[in-house]
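Here the structure comes first, spelled out in structure tokens, and everything after it is commentary.
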Amino acid sequence: MPRRRLMLTALVLTAVAASVWRLDLISAFAEGQDSLGELLGFLQRFAAPDTSPAFLAKVGQGAIETLAISLIGTLLAVLGGVALALPASGRFGRLSQIVSRFILNLLRSVPELVWATLTVLAAGLGPFAGTLALALHTTGVLGRLYAEALENAPPAPEAALRGAGSGAAAAFLYGTLPAVAPQWVAYGLYRWEMNIRMAAILGFVGAGGLGAQLYYALSLFHEAQAATLIVAMLLLSLAVDALSGWLRRRLVVA
């Protein structure tokens, strides 16, 4: 056992050393030391955010747009996730399960930024492209999680209702859905927390919101405005995290 651990440690260290050599990190670090003063000067220009009323009003509009993109994108993903989770859990036969799982794998295997690039090309610049990109990727994530929750739900309540003469829809609504609903809500709120951050980033590819404003400010070397936008992103993320946590405590039954 110690010999196996020693071999594993040596393998890991060899992989790390090979990675450092392949990426040429040592010479890059040596060259970076020469530009350390320039980097510090660049960061120093971020120390005085732009707090002019006109720019803060513009930032507020961008924050509202970012919040709307994340909220609508998540809501659409919840609907799409539920629609695909039902066949993905095997409720409508083997063929529909295979097809729906393939769609879910495809949707979530493509990152949000790639989806945003594609939707910008298809639908044009603006918040609609960002909303669609978030909805597509998050549908794949939530659909998979929702399907697993359905597969792990106890079958006895629904079977009892079906045995008592209840229809398939009523048996699901009153037998299985109450058992999985808390998990579904928790998953949806958690993804909303993640999407508020991603919505701010998608603007870098033209999908609207604070990200688009930050990209514009950085492109023009307006460091003061960029600092204000970064602070706005942080505050918006903290606010959504707090709201999501409060909603989980109120809506999700342990």
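The values are calculated or read from the model by the stated rules, or taken from the named source; none is laboratory data. Just so you know, these numbers come straight off a predicted model, no measurement behind them. Quick reminder, even Gly has a Cβ in these numbers, built from the backbone with ideal geometry, and neighbours come from all protein chains shown. Accessible surface is based on the protein model in full, side chains and every heavy atom, while ligands, DNA and RNA are left aside. Shrake-Rupley method; radii C 1.70, N 1.55, O 1.52, S 1.80 Å.
Taking the options GLU148, GLU158, name whichever one is out of contact with any His (no Cβ under 9 Å at 6 or more places or on another chain), open to solvent by 60 Å² or more (accessible area, probe 1.4 Å) and not aliphatic (A, V, I, L, M).
Working: GLU158 fails: open to solvent by 60 Å² or more (accessible area, probe 1.4 Å).
Going through GLU148, GLU158 in turn, just one is out of contact with any His (no Cβ under 9 Å at 6 or more places or on another chain), open to solvent by 60 Å² or more (accessible area, probe 1.4 Å) and not aliphatic (A, V, I, L, M): GLU148.
For region 180-197, indicate whether the set of residues that are farther than 30 Å from GLU65 by Cα and either touching a strand residue (DSSP E or B) at 6+ places or on another chain (Cβ under 8 Å) or in a helix (DSSP H, G or I) (or both) is non-empty. Break it down stepwise before answering.
Step one: list which residues in region 180-197 are farther than 30 Å from GLU65 by Cα, which gives 180.
Those still in the list that are either touching a strand residue (DSSP E or B) at 6+ places or on another chain (Cβ under 8 Å) or in a helix (DSSP H, G or I) (or both) too: 180.
Scanning region 180-197 turns up at least one residue that is farther than 30 Å from GLU65 by Cα and either touching a strand residue (DSSP E or B) at 6+ places or on another chain (Cβ under 8 Å) or in a helix (DSSP H, G or I) (or both).
Could you say whether any residue in region 210-228 is closer than 19 Å to LEU136 by Cα, among the hydrophobic types (A, V, I, L, M, F, W, C) and assigned by the TED database to the domain that holds ALA57?
No: zero hits.
Only residues that are open to solvent by 40 Å² or more (accessible area, probe 1.4 Å) and of a type in the set (S, T, N, Q): list them for region 174-211, please.
GLN183
Working carefully through the options ALA226, ALA217, ALA171, find the one that is in contact (Cβ under 8 Å) with a residue 24 or more places away in the chain and buried (at least 17 other Cβ atoms within 10 Å of the Cβ).
Answer to the check: ALA226.
Looking only at residues that are among the β-branched types (Val, Ile, Thr) and open to solvent by 30 Å² or more (accessible area, probe 1.4 Å) in region 111-140, which one is nearest to LEU84 (Cα to Cα)?
Let us first name the residues in region 111-140 that are among the β-branched types (Val, Ile, Thr), namely 114, 117, 119-120, 131, 138-139.
Retained after the next criterion (residues that are open to solvent by 30 Å² or more (accessible area, probe 1.4 Å)): 114, 117.
Values: VAL114: 22, THR117: 24 Å.
Of everything passing the filter in region 111-140, VAL114 is nearest to LEU84 (Cα to Cα).
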